[in-house]
Amino acid sequence: MHNGPVAYPMVWILQQRPEWLVERKGIEVDIVPGPHPSTIEDAILLKDCDVQFGRTTGPGGQNRNRRDTATTIEHLPTGVIAAASERRSQAQNRARAMFRLRMKLASSVRTKTHHEHHQVSELWQSRRQGRSISVNPMHNDYPALLAEALDVIVARRHDVAGAAGVLGVSMSQLAKLIRHDKRSFAAVNRGREAQGLPRLK
């Protein structure tokens, strides 16, 4: 079984943000060549990131961190930023910031895929059981699975039932996967409304 993001050759080309902006019936979506940045292993993803460490101020102006343990990570090609400062360990804050970055990338950046002939990833196959897809939303696999699901949904013009068929799961399972992330769930519903489709509940 596959565990976590995998190493892919870096075949997606870094471009200026305005060239990526695609408008589909009022919904703006960033479209980039694959693989999706949320699916790339940390060592490769970090090559396209600026990582900053600093101190945070706790209640009453006291230093929460005596050392530079707060972490901010910016994905330079997209400008997506994530941060973590709640732990005293720099390593823990960096890991949390990376997970949050992957989540933000999963919800805001789309990679090109075919609306009917999408080839599901090895990770998706490993997580799929029959027509079900199972993952804890706090697991490191979740951002990559979310990104893949959203790529197909956008390619299908927010037809979630059709996307579920392409991905080999039930519509209820796909909706459940997206519902774990409020930002993504809201974006899908905005897209469905723009297409004249009913909102997911």
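The values are calculated or read from the model by the stated rules, or taken from the named source; none is laboratory data. Please read all numbers here as calculations on a predicted model, not as lab measurements. Neighbour counts run over all protein chains shown; Cβ positions are idealised from the backbone, glycine included.
So the values come out like this:
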quantity	calculated
Which numbered condition GLY130 fails, given (1) surrounded by fewer than 14 Cβ atoms within 10 Å (Cβ to Cβ); (2) assigned by TED's automatic domain parsing to the domain that holds LEU174; (3) modelled with pLDDT of 90 or more; (4) in contact with a Lys or Arg (Cβ under 9 Å, 6 or more places away or on another chain)	(4)
Selection status of LEU101, at pLDDT 95 or above, closer than 23 Å to GLN173 by Cβ, crowded, with 20+ Cβ neighbours inside 10 Å and under 9 Å from the mean Cα position of the chain (by Cα)	no
The stretch 176-201 - residue that is more than 15 Å from the chain's Cα centre (by Cα) and surrounded by 19 or more Cβ atoms within 10 Å (Cβ to Cβ) and, of those, nearest to ARG102 (Cα to Cα)	GLY191
Selection within the stretch 105-148 - in contact (Cβ under 8 Å) with a residue 40 or more places away in the chain and among the charged types (D, E, K, R)	ARG110, LYS112, GLU116, GLU122, ARG128, ARG131, ASP141, GLU148
Neighbours by Cβ (under 6 Å, 6+ apart or cross-chain): first from the stretch 171-194, without any contact (Cβ under 8 Å) to a residue 12 or more places away in the chain; second in a helix (DSSP H, G or I)	MET171/VAL160; MET171/ALA161; MET171/ALA164
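Rundown of residues vs (1) assigned to a loop (DSSP other than H, G, I, E, B); (2) under 26 Å from PRO33 (Cβ atoms); (3) of a type in the set (Asp, Glu), yes/no style:
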| position | (1), (2), (3) |
| --- | --- |
| MET138 | yes, no, no |
| PRO143 | no, yes, no |
| GLU148 | no, yes, yes |
| ALA164 | no, yes, no |
| SER172 | no, no, no |
| ALA187 | no, yes, no |
| ARG190 | no, yes, no |
